[in-house]
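So the structure is just underneath, and the comments pick up after that.
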Amino acid sequence: MSGTLRQAPAARLLSLTLVLVLKALQQSWRVEGIGLERFDALLARGERVMVAFWHGKYLPLFTLLQGRRGCIFASCSFRGEIICGICRHLGYECVQIPEGGGDRTLALMLEVLSGRQVAALAVDGPRGPYHQVHRGAILLAAQLGMTLLPASFAANRRTILTIRWDRMEIPLPFSRLGLAFGEPLRIPRELGGLSFQEWQARLHNDLEEAERRANSILAAK
């Protein structure tokens, strides 16, 4: 596990630059939300929460969810160092883990999250396929007893990086943003008689519904 490694100077400079850009963008956005109070209520009751989102949505969510200290994962790569740098500047904990998935990666993630109340996970990351929920998200939530909380946003003016597998979305300056959360999803340790595929389909549908809710906020005005 390399979450405590010293950040390379180039990654440190890039992450600081991106944080400054993100904060400037955030100050220009007009954000309206549905369900944020649900997130805070879960935390106030002492529930352990894992915010689930699509990888292409993560950049603005960094700033939109500040103030709720959580653990975020990034890969052991230069890109992962940059993401961890952004997280730390915004008050999150970031842990770098090996790419490739598998049992070893899941074991590391289980170990890291065992004593934490809040986590955030791009459920189709770090390399896709696009909008396909990985089984690891279901396994982690079930084994750790963490409530999955789907989150998404929509922007009336945005750039979509179509050259990336995740089609990352970046709201433009002075955009209106809708931030929406789905219903909490609690997965029993033994999966409650459902298969991994059924839980994956349920989380996928809940994430798509959260995005529809976010778009409905924009359409309301």
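Just so you know, all these numbers are worked out from the coordinates, no wet-lab data involved. Computed from a prediction, not measured in an experiment: that's the story for all the values here. Every residue, glycine as well, gets a Cβ built from its backbone with ideal geometry; the counts of neighbours run over all protein chains shown.
Based on a Kirkwood Rh over C-alpha pairs, give the Stokes-Einstein translational diffusion coefficient of the range 9-219 at 4 °C and viscosity 1.567 mPa s in µm²/s.
Rounded to a whole number, D works out at 75 µm²/s.
Tell me the net charge near Gly102. Cut-off is 15 Å between Cβ atoms, Gly102 excluded, with +1 for each Lys or Arg and -1 for each Asp or Glu.
0
Evaluated at 4 °C with a viscosity of 1.567 mPa s, what Stokes-Einstein diffusion coefficient in µm²/s does the range 1-99 have when Rh comes from the Kirkwood expression over alpha-carbon pairs?
89
Can you give me the relative contact order of the chain as a percent, contacts being Cα pairs under 8 Å and 6 or more apart?
Taking the mean separation of contacting Cα pairs over the length of the chain, I get 27 percent.
Please compute the net charge surrounding Cys71, taking Lys and Arg as +1 and Asp and Glu as -1 over other residues with Cβ under 13 Å from its Cβ.
Value of the local net charge: +3.
If packing is taken as the mean number of other Cβ atoms within 10 Å per residue, what is the order of 10-23, 184-197, 47-60, highest first?
Per-residue mean Cβ counts within 10 Å order the peptides as 47-60, 10-23, 184-197.
Go through 202-215, 138-151 and give me the packing order, highest mean Cβ count within 10 Å leading.
My ranking of the peptides, most packed first, is 138-151, 202-215.
Taking every DSSP beta bridge with both residues inside the chain, roughly what % is antiparallel (nearest 5)?
Restricted to the chain, the bridges split so that about 30 percent are antiparallel.
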